[in-house]
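Read the figures in this text as sums done on the coordinates, not as results from a lab. This structure is a prediction, so every number in the text was calculated from the model and none was measured. Methodologically, a virtual Cβ is constructed for each residue, glycine included, from the backbone with ideal geometry; neighbour enumeration extends over all protein chains shown.
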Amino acid sequence: MSDQIIEARGIQKFYGQYHALKAVSLSVGAGEFLALVGPSGCGKTSLLKILAGFEAPSDGSLRIAGQDMTGVPASARPTRMVFQKLALFPHKTVAENIGFPLMLAGKSVAEIRASVGAMLEMMHLKESYLNRYPNQLSGGEQQRVALARALVSKPPVLLLDEPMSALDAKLRKSLQAELKHLHRNMGTSFVHVTHDLEEAMMLADRICVMRAGEVVQVGTPADIYYRPADAFVAGFIGETNLLPATFTRSGNAVRFDCPQLRCTHPLLAATQVSETLTDRSGLLMIRPELLRILEPGESADCLISGRVSEFFVRGGSLQYRVTGEGDTTLILDLPGTMALPLGVGDPVRLGCGTADLFAMRG
Amino acid sequence: MAVEKSWRDKALQLSTLPLLVVFGTFFLVPLVMTAVLSFQGTQYYRLVWNWDLQIWSDVFSQRHYWSIMLRTLGMACVATFLCVAFALPVAYALVNRLQDWADHITLLIVFAFLTDAVLKTFGWVLFLDRTGVLNGVLEALGMGKAATDILFTPYATMIGMVYNLLPYTIFTIALSMARLDRDLVLAAYDAGASRWRALREVTLPLAMPGIVAGGVLVFVLSLGVFLEPKVMGGGTSPMAAELIRQSFETRVNWPLGAALTLVVIVIGAISLAAFGGLALRASRKRGTQA
C-alpha cells in the first residue's frame, strides 16, 4: 500500500547489553488504529518511544508521513503522544495545557481559544474547567484533557502509551468507546500500546502482538483470536483449548490426527493452518465458544466425549470444564441459561465443525 | 488505634516540652534581652539603664551605620542573584546531562562544602594575592605584573561569599529538578517545544520552589557573613556582622550592638515572610492545599 503513514524496518534497540527490540518491522496505514500488545518488557513501549522520537533506534529505518525520521527530534515529528501517567503540566491551567502545542506553533490567541473550545466540546469537558488546574480534575477528566492536548493540533499520528491502565474498569470502558468514536471522526492514525489484549481487540483495526523484543503476529482482531500464530498469542486472550496433534500435507489441505478428537473428515483447508506450522507435530486450537453440547443421537464433524468436572456461571455466559479421553481438560463457553444443562460428573458428548479448528506451531 | 493528634494530647505536650524549653531559654529570652538592651545607653564602657531611643536614632541617622546596613543588604542581593544564576546551569547539568557522573560531582561539591570555611577563604587569599597564583598565571600569559588587584576589595568579598554559599543553591535547585517528572519535559518536546522552550515553560516553573528556597537560604546567610569581608575584603568595607562584633567587643557598646542585631534579624524575617508568602500563593494557585 502506498498510503502508509508509519514504515518501520528492521528496528533494533539495545540498552547496554539488553536487546530490547530485535529487527522489528511494522507499518501503519493512514487513518488506521493499530494496537501494540504484549506482556511487560516485550518492547512495545520502547517501540513507541522510538516512534515518538524520545529514543533513537540502534539500527533500522523509520519513515513517518513519507519522511525519514533519522535525527528528527520529537518536537519536529508529526506525532503526538498521550503518556501513561498523562504528563499534564501541573502549573498550567486546562486551557493552557490543551493550547500548549498551538502556543508553541505561534498561533494567535484567538485561534488558540477557538481550537481549545472545539476540543473541549469534542471531549465533553465543561467550559468552567478551562481555568482549573489538572489536579482539580478527576482521573477521567484528566484523561480527556491529555487527549485534547494531544489532538488539538490535528496530528497525523497519535501515540497512546497505556493511558487507561490507571482507571477503574467502568471508566475505562466508557473512555474506550470514546476513543474509538474519536478515531472514526478524526482520521488520525492511532498507535495504542496496551498489555490488555481485550482492549486491543475492542479498539484496533489491526493488532501487533509482541514478545521479547520481536513481533509475533500482526493481524486483524479476528486473525489474532481465531488464527493465532502460536500458543503464546492464542493464550494471550481468554482461555482456549489446544490439543497436541500430528499433521501431514495432502495437496492443498492438511490431514490431522488428534487422539482426543474423532473426526469424520480430518482435513484442514490451507486457511486453517498457520504459516508457523512447519513440523509434523503441532497444536490444534478450538475456541471454547465454538464447542457445543450434543444431544443424544446428534452428530458433528468432530466429537469428544468426557465428563463434566466443573462449571462456572458467569452471568451472561456459562463455562463448563470437561475431562475427555487421556485426562485432557476442555473448556466450553455457552450462552447463559436459567436452567443448567448439565451437572458435575455427568457424561457429555461435545462437538464442533472441522471448519472451526485451527492448526499452529507447537 | 489511631493516635489523637491534638495539642491537648498530654503525651505530645510532654514530648515537645524539652524542645520548647530549649527554644524558650536560648532563643526567645535572649531575643527579648537584646530588644530590651537596645533601649539603654552606655557611659565609660558601662551599661546605663536609661530607657530611651538614643541608640535607635543613632542607628538610622548616622551615615556610618545605615550605609553598612545598606551595603550588607546590597551584597546579600547580589550574592543571592549570582548564586542562583551559577547554580541553575550546574543543577540542570547535574540532573539532566551528567547522570553517569552526578554522584562523583556531588561528592566533590560536598567535600568542598564541608571543608573548613576559614581554610577555603585563606586559600582564596593565596590565589588572588598580588603575587598569588592567579597573577602568576596572568603574568606567564604576558599580561604584566599584578594584572588583577582585587584582593581586599568588595569584589573579593563577593567571590568568597558566592564560593562559600553556592552549594546551598546547587543542592536545593538540583533536588527540585530531580523530583520533576521526566515525562513532563518529554511531553513539552512532543508538543513541539525546543530545549529552550521546554526549559522555560516546564522545567524552570516547576523547579521554582527549589530556586526560591535556595535563594532565601543564601540571602539570609549572606546577611550574616563575617569571614569573607574580614579576610578577603580586608576589613575595608565591613558588613553588618563585623559592625555588630565591633560594637560588642571593641567599643563595648552593647545597646548599639543589640540594635544593629535586631535590624539584621528584621531584614531577614521580612524577606523570609515575603518569599514564604510568594511560595504559598504559587501553591494555592495550583490548587494544592497545604
Counting sequence-distant residues (5 or more places) and residues on other chains, those with an amide H built under 5 Å from that of A:Ile207 are A:Ala35, A:Gly219, A:Thr220
Which net charge results when you count Lys and Arg as +1 and Asp and Glu as -1 among the other residues whose beta-carbon is under 15 Å from that of A:Gln4? -2
For chain A, take the longest principal axis of its alpha carbons; what is the angle in degrees between that and the long axis of helix A:94-104, to the nearest 10 within 0 to 90? 70 degrees
With 10 angstrom as the radius, rank A:Leu179, B:Leu280 by how many other C-beta atoms surround their C-beta, starting from the fewest. B:Leu280, A:Leu179
Given A:Pro347, A:Ala20, B:Val125, which one lies farthest toward the positive end of the charge dipole of the protein assembly as shown, if we put +1 on the Cβ of every Lys and Arg and -1 on the Cβ of every Asp and Glu? B:Val125
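Can you put A:Ser174, A:Ser317, A:Ser274 in order, fewest other beta carbons within 10 Å first?
Working: A:Ser174 11, A:Ser317 14, A:Ser274 20.
Going from sparsest to densest Cβ surroundings: A:Ser174, A:Ser317, A:Ser274.
Cut-off is 10 Å between beta-carbons; in what order do A:Thr248, A:Thr220 appear when sorted fewest neighbours first? Intermediate values should be presented prior to the final figure.
Working: A:Thr248 11, A:Thr220 14.
By the 10 Å Cβ count, ascending: A:Thr248, A:Thr220.
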If each part is reduced to its alpha-carbon centroid, region A:323-362 and region A:107-184 end up apart, in Å, by 44 Å
Please compute the contact order of chain B in relative form: average sequence separation of alpha-carbon pairs under 8 Å and at least six residues apart, divided by the residue count, as a percent. 26 percent
With r defined as the distance between the Cβ atoms of B:Leu14 and B:Ile150 and R0 fixed at 51 Å, what FRET efficiency is calculated, to the nearest 0.05? 0.35
Each residue of region A:230-242 in order: what ³J(HN,Hα) in whole Hz does its phi give by Karplus 6.51 cos²θ - 1.76 cosθ + 1.60, θ = phi - 60°, with x for Gly and Pro? 7, 4, 4, 5, 4, x, 6, 10, x, 9, 8, 9, 10
Nearest 20 debye, what's the magnitude of the dipole of chain A about its Cα centre given +1 on Lys and Arg Cβ and -1 on Asp and Glu Cβ? 900 debye
Modelling each spin label as a point 7 Å along the Cα-to-Cβ direction, I'd like the B:Ile270/B:Leu107 distance in nm, to one decimal. 4.6 nm
Which one, A:Thr264, A:Ala253, A:Leu242, projects farthest toward the positive side of the charge dipole computed for region A:231-360 from Cβ point charges (K/R +1, D/E -1)? A:Ala253
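Taking every pair of distinct Cα atoms and averaging 1/r, then inverting, what Kirkwood hydrodynamic radius in Å comes out for region A:216-362?
For region A:216-362, inverting the mean 1/r across all distinct Cα pairs yields 15.8 Å.
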HN-Hα couplings for region A:132-147 via Karplus (6.51, -1.76, 1.60; θ = phi - 60°), in whole Hz with x for Gly/Pro, come out as 8, 9, x, 6, 9, 10, 6, x, x, 5, 4, 4, 5, 5, 4, 5
Excluding residues fewer than 8 places away in the same chain, name every one of the lysines whose C-alpha is closer than 25 Å to that of B:Lys230. B:Lys120
Given chain A, what whole percent of its Cα pairs are spread farther than 40 Å? 28 percent
Non-local amide H neighbours of B:Ser38 (under 5 Å, H modeled in plane, Pro and chain starts lacking H): which ones? none
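Which order, highest average first, do B:105-118, B:12-25 follow once you tally other Cβ atoms within 10 Å for each residue and take the mean per peptide?
Details: B:105-118: 12.4, B:12-25: 10.6.
Peptide ranking by packing, descending: B:105-118, B:12-25.
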If I fit a long axis through the Cα atoms of helix A:109-122 and take the longest principal axis of the Cα atoms of chain A, what angle between them do I get, 0 to 90°, rounded to 10? 20 degrees
Isolated cysteines for chain A, Cβ-Cβ cutoff 4.7 Å, are A:Cys42, A:Cys208, A:Cys258, A:Cys352
Give me a comma-separated list of calculated 3J(HN,Hα) values for region B:36-49, in order, Karplus coefficients 6.51, -1.76, 1.60 applied at θ = phi - 60°, integers in Hz, x for any Gly or Pro. 4, 4, 5, 9, 9, x, 10, 8, 6, 6, 10, 6, 10, 7
Using 0.36 nm per residue of separation minus the Cα-Cα distance, give me the extension gain between B:Val252 and B:Met143 in nm, one decimal. 34.5 nm
Sparse-neighbourhood loop sites, trypsin sites (Lys or Arg not before Pro) in region A:207-290 - DSSP loop, at most 12 other Cβ within 10 angstrom: A:Arg280
Could you tell me the calculated FRET efficiency between A:Arg280 and A:Glu111, based on Cβ-Cβ distance and R0 = 56 angstrom, to the nearest 0.05? 0.25
Greater than 23 Å apart at Cα, pairs in A:Lys13/A:Lys92; A:Lys49/A:Lys85; A:Lys22/A:Lys44; A:Lys126/A:Lys170: A:Lys13/A:Lys92
If every Lys and Arg gets +1 and every Asp and Glu gets -1 at its Cβ, then about the Cα centre the protein assembly as shown yields a dipole, in debye to the nearest 20, of 1580 debye
For region B:22-57 and region B:130-197, what is the separation of their Cα centres, given in Å? 42 Å
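Can you pull the percent of Cα pairs in chain B with separation above 26 Å?
61 percent
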Treating only the Cβ of Lys, Arg, Asp and Glu as charged (+1, +1, -1, -1), what charge dipole size does region B:53-289 show about its Cα centre? Round to the nearest 20 debye. 580 debye
Identify the trypsin sites (Lys or Arg not before Pro) of region B:149-239 meeting these criteria: DSSP loop state and at most 16 other C-beta atoms within 10 Å of the C-beta. B:Arg179
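May I ask you to list the trypsin sites (Lys or Arg not before Pro) in region A:1-93 that are in a DSSP loop and have at most 14 other Cβ atoms within 10 Å of their Cβ?
Sites meeting the loop and neighbour criteria: none at all.
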Log10 I(q)/I(0) at q = 0.06 Å⁻¹ for the protein assembly as shown, from Debye over equal alpha-carbon scatterers, is -0.59
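Sort the following peptides by mean Cβ neighbour count (other Cβ atoms within 10 Å, averaged over residues), highest first: B:121-129, A:236-244, B:169-177.
Descending packing order for the listed peptides: B:169-177, A:236-244, B:121-129.
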Sorted by chain and number, the residues with a modelled amide H under 5 Å from that of A:Leu277, at a separation of 5 or more or across chains, are A:Arg361
Among B:Val266, B:Gly210, B:Val252 - extreme Cα towards positive end, dipole of region B:160-290, charges at beta-carbon: B:Gly210
In whole percent, what relative contact order does chain A give with Cα contacts below 8 Å and a gap of six or more residues? 16 percent
In the neighborhood of A:Leu283, defined by Cβ-to-Cβ distances under 10 Å, what is the net charge if each Lys or Arg adds +1 and each Asp or Glu adds -1? 0
